[in-house]
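The values are calculated or read from the model by the stated rules, or taken from the named source; none is laboratory data. Everything quoted here is computed from the prediction, not taken from an experiment. Counting neighbours? That spans all protein chains shown, and the Cβs are built from the backbone with ideal geometry, glycine included. Ligands, DNA and RNA are stripped out before the accessible areas are found, and what is left, the full protein with its side chains, is counted by its heavy atoms. Shrake-Rupley method; radii C 1.70, N 1.55, O 1.52, S 1.80 Å.
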Amino acid sequence: KTFTRGSKTYEVKSVESNGFLGLGRPRVNIQEVTSSAVVPQTETDCEENCQAFTERYKLDEAETITLQGNTISIDYIDTDNVKLDVNSQPTDLFSENQWFELSNSQIVEIEEINRLEIGGEIGYVILGLKGHKLDEGETITLQGNTISISYMDTDSVELNVNGQPTALLSKGNWIELNNGQIAVVEDIHRLEIGGEIGYVRIALASCYFPYL
């Protein structure tokens, strides 16, 4: 089943029961439908059109969902902003396209906020899982692969993957993990002046190599 909100179309991927004896509000997992997406047919097509995939979840007011072991609910919502409760801790006030980090380095983006000021409709947000945040001095594990930052500047980064250095990577470059999964460098954030810790955003893409 699909439905449209604004200019976006979403497909209902699954509906899960929630609450005692399944009597609570059901949990609906949705995914955006992108009709213009290129479906890779060969390894070359896959390499040229490989894009990071996004899992999307709908979170209603008064509902609590669990994402990768993290409980999330809505603390406050209006037409433009939302404040969430993550593992019993309040977040900042977010607008659409802002993001926060879960305890396992997973990035969650606020993709859509829907709340009517007049009427009885329950407000909700669409949350998208958008890869992982890797800080300088940190090591994370993605699908059994340990990844850390060996070097970075404002435009490029060298990673250490399973004890082996990568080439110098720019935004949009990708590496292949030991299970064939493609990991894409989505963003590089490093200030030349100041003491802020640099980080990169790494997303797992929808293509696997060798292409089957």
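General remarks:
Conditions (1) among the aromatic types (Phe, Trp, Tyr); (2) over 18 Å from the mean Cα position of the chain (by Cα); (3) open to solvent by less than 60 Å² (accessible area, probe 1.4 Å), marked per residue:
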| site | (1), (2), (3) |
| --- | --- |
| Ser73 | no, no, yes |
| Asp80 | no, yes, no |
| Pro90 | no, yes, no |
| Gly123 | no, yes, yes |
| Ile126 | no, no, yes |
| Leu129 | no, no, yes |
| His132 | no, no, yes |
| Asp135 | no, no, yes |
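- Qualifying residue in segment 153-167 (condition: of a type in the set (Val, Ile, Thr) and open to solvent by 50 Å² or more (accessible area, probe 1.4 Å)): yes
- Across segment 168-199, the number of residues qualifying as part of a loop (DSSP other than H, G, I, E, B) and open to solvent by 40 Å² or more (accessible area, probe 1.4 Å) comes to 13.
- Some residue of segment 138-151 being in contact with a Lys or Arg (Cβ under 9 Å, 6 or more places away or on another chain) and open to solvent by 20 Å² or more (accessible area, probe 1.4 Å): no
- Of the criteria (1) open to solvent by 80 Å² or more (accessible area, probe 1.4 Å); (2) under 23 Å from Ile202 (Cβ atoms); (3) at pLDDT below 65, which one Asn49 fails: (1)
- Pairs are defined by a Cβ separation below 6 Å, a sequence spacing of at least 6 or placement on different chains, a first member in segment 55-71 that is at positive phi, and a second member that is in a strand (DSSP E or B) and open to solvent by less than 50 Å² (accessible area, probe 1.4 Å); the pairs so defined are Gln68/Gln106.
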